[in-house]
Amino acid sequence: MGKASVLKIVNPVIALLLLCQVCTALLMITLGDEGFETIHKTGGILLAGGVLLHLALNWNWVKTSYFAGSRKR
């Protein structure tokens, strides 16, 4: 599977996990239910993994965009 195909899966999953984190945080604040805490913690770990995968797949773009200007020519 190519990088573009993987990103078509990873990017929506990251967006869904981020939305899940926000929703569970709001529900924890208002309801204080332990079940939401479990979902929130697990979602946070999955979100961190997804972000790391996303960065790994886009590392060349990150280097070009953010570090190319710092090199002396």
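Helix 3-31 and the longest principal axis of the Cα set of the chain meet at an angle near 30°. Global size of region 3-59: 13.0, 41 Å for Rg and Dmax (C-alpha atoms, Rg to one decimal, Dmax whole). Compared with the dominant Cα axis of the chain, that is its longest principal axis, helix 34-57 is turned about 10°. For the chain, adding -39500 (n - 2.57) for each run of n ≥ 4 DSSP H residues and dividing by the number of residues yields -26500 deg cm²/dmol at 222 nm.
Rule-based calculations on the coordinates, nothing more; no lab input. Please read all numbers here as calculations on a predicted model, not as lab measurements.
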